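What follows is a set of notes on a single structure, which appears directly below.
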Amino acid sequence: MVRINAAVRENAMRKGIKKGVTLFLMTAVILTAVNALPQSAARVQAAVKPYFVVKNPTVTYKPGDNYSRYYAVLSIAGCTEKSEIKNLKSSNKKVKAVAGNGYVAVYFGDRALTSVISCKVRGTKISTKLTVKKYVNPFDSFKIGKQTFTGKFNKNNEYRQEKHIERQTLSIKVKKGWKITGVSVYSGGGCKTYRVNKSTFSKKITLNGRYSAAVYVYVKNTKTGISERMIFRKSGGY
């Protein structure tokens, strides 16, 4: 600032008070702009008081998904580093909680249960209640063309087949208490996404391409708060 003020005085003396004041104001604007630059993401996160992003989540275990472990990820706002999470505990011994970079991974196996997950992040104690329920097929009807696939989702939220599908009508209806929130159709390297907020959906679709094509259906139970991502996938080539 000493050099800036000296330059202003010098310009004022040589070129007049008006030009000197103009230079001073321009300098002040530049300094203000520099000071107003956005902070790094890490510094912004550090300024946020820590909390679990989803409070008291309800998730499901799927007995037919062929996974050897069942888990969920609980994200923490205001936290970016694993080392920031201290005194991590699970009130249920059947639930294992593991700290990650900005989240806690909870492993619960193939069982229905509840557990309070608690920890300290930068000295702030936070907690959330995890509820695990058995997966239930949310579809009342899932059809593509004349073929019905509803029962394929009884034990799993994903079904795969090799058959090519060309401009056939996808018709979906969910059970009472459920809502379809969105549908995404991946085919031929592209994606079409539809926002939905009702219990039915119908659209002509094509599933082809060198890579795996698929229909993703996002549903939510309005009573329990459970959300599921249902996947109908066409595996293989053309």
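The values are calculated or read from the model by the stated rules, or taken from the named source; none is laboratory data. Bear in mind the structure is a predicted one, so any value in this text is a computation, not a measurement. Cβ atoms come from the backbone with ideal geometry, glycine included; neighbour counts cover every protein chain shown. Side chains are part of the model used for accessible areas, which takes the heavy atoms of the whole protein and leaves out ligands, DNA and RNA. Shrake-Rupley method; radii C 1.70, N 1.55, O 1.52, S 1.80 Å.
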Query raised in the report: Which one of these is more than 26 Å from the chain's Cα centre (by Cα) and basic (Lys, Arg): Lys234, Lys204, Lys192, Lys133?
Result: Lys204
Requested in this report: Only residues that are open to solvent by 70 Å² or more (accessible area, probe 1.4 Å) and either of a type in the set (Phe, Trp, Tyr) or at pLDDT 95 or above (or both): list them for the range 63-72, please.
Outcome: Tyr67, Tyr71
Query raised in the report: Among the residues of the range 10-28, is there at least one that is charged (D, E, K, R) and either modelled with pLDDT of 85 or more or in contact with a Phe, Trp or Tyr (Cβ under 6 Å, 6 or more places away or on another chain) (or both)?
Result: no
Requested in this report: Working only within the range 81-98, note down all residues that are surrounded by fewer than 16 Cβ atoms within 10 Å (Cβ to Cβ), within 21 Å of the chain's Cα centre (by Cα) and of a type outside the set (Asp, Glu).
Outcome: Lys82, Val98
Query raised in the report: Of the residues Lys173, Lys220, which single one is surrounded by 16 or more Cβ atoms within 10 Å (Cβ to Cβ), within 19 Å of Thr60 (Cα to Cα) and of a type in the set (Lys, Arg)?
Result: Lys220
Requested in this report: Any chance you could count how many residues in the range 99-135 are hydrophobic (A, V, I, L, M, F, W, C), within 30 Å of Val215 (Cβ to Cβ) and surrounded by 15 or more Cβ atoms within 10 Å (Cβ to Cβ)?
Outcome: 4
Report task. Inspect the range 163-173 for any residue being more than 18 Å from Ala214 (Cβ to Cβ) and more than 24 Å from the chain's Cα centre (by Cα) and give the result as yes or no. Result -> yes
Report summary line: Looking across the range 43-59 at residues that are surrounded by 10 or more Cβ atoms within 10 Å (Cβ to Cβ) and hydrophobic (A, V, I, L, M, F, W, C), the single one that is modelled with the lowest pLDDT is Val44
Requested in this report: Check whether at least one residue in the range 136-147 is open to solvent by less than 70 Å² (accessible area, probe 1.4 Å), in a loop (DSSP other than H, G, I, E, B) and in contact with a Phe, Trp or Tyr (Cβ under 6 Å, 6 or more places away or on another chain), and report yes or no.
Outcome: yes
Query raised in the report: How many residues are more than 13 Å from the chain's Cα centre (by Cα) and over 11 Å from Asn101 (Cβ atoms) if we restrict to the range 70-80?
Result: 3
